[in-house]
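Here, each number is a calculation from the coordinates, and none is a lab measurement. Since we're looking at a predicted model, the values are computed, not measured. Using ideal geometry, Cβ is built from the backbone for each residue, glycine included, and neighbour counts are taken over all protein chains shown.
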């Protein structure tokens, strides 16, 4: 029986993970669940899955969680704060950690899981973008097994000849849906609304990641992730627009072979891979109907209309603190856009302005990167308050 700690249980990844876990009651048990602040939803999940521990990342909600668990007659122990998430990730009561906390808040717990030698199902981009060198070093040192849950990196993981092997690999090709504006006249992008940006044509995702998909920043962050996860430089990682989201990514080999992983746009597939690899288990996902699909289309990304992808490549090449600055500035920009305080085209403008003001600094410790993250947020916030962005 594998015991699972699911960090980020009330998000879209958390819901998909619990759906897969529930399909295999004799194989998996939930040891711990966490949420940021959705106490009622977390308690409802505790009533269903009976974890040993439940935690809220925001300590202000601890009393509500503790009292709610008691009122429901549950023996589940309540915990709160980022430190609690890290403790859960390192706890010996679970052997598998699903890291699905959104944003920089999930970095410390992801590193803790790696340091503890867990099977780590990684759905937190920021842990790799902010601290990729440190994360991969911890994985190697502790003998942890890292399986990416992002559909693109999971596809590459499945297509590589052997876990950890890069023999004969020429390049990685990440596919991108292109988001809701892939066919939109670039001249009209200045007027798009948060509601339009969050209406992804293929995937059901949270608002922040939906906006990242619309700007192509999501794909830029995935390029940075792929560099760390698979050990290839920026020039050997490419992006293509693939509107059907059926091929999730490809590996190109030096002999002319290219392997691709295909599937429905459903995160339950990648979670099932992560939970059971190298075995395969039922995920509740329908098989592809290739005849009904009919065609697969590809085109190059338009980095003039969607400069976030170009900015991400530049940050990866600059190295050091630049990816952390990129990520932090993007979080500030997307939040402002969702609050109608910044135009859609202001997102890349704010990110570029922040990168221009903060040169890349060396240092790969978590403290170094969190300091860069904090400074980037301060600078981006100041620039946002001054206005003048698109």
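Observations
- Protection-proxy order for peptides 339-352, 321-334, each taking the mean of Cβ atoms within 10 Å per residue, highest first: 321-334, 339-352
- Residue-averaged 222 nm ellipticity for the chain, from DSSP H runs of 4+ at -39500 (n - 2.57), nearest 500: -14000 deg cm²/dmol
- When only Cα pairs below 8 angstrom with a gap of at least 6 residues are kept, the chain shows a relative contact order of 14 percent.
- With each label modelled as a point 7 angstrom along the Cα→C-beta vector, the residue 38-residue 184 pair spans 2.5 nm.
- Relative contact order (%) - criterion: Cα under 8 Å, at least six apart; region: segment 2-149: 21 percent
- Prolate/oblate/rounded label for segment 261-333 (Cα gyration tensor, a/c 1.5): oblate
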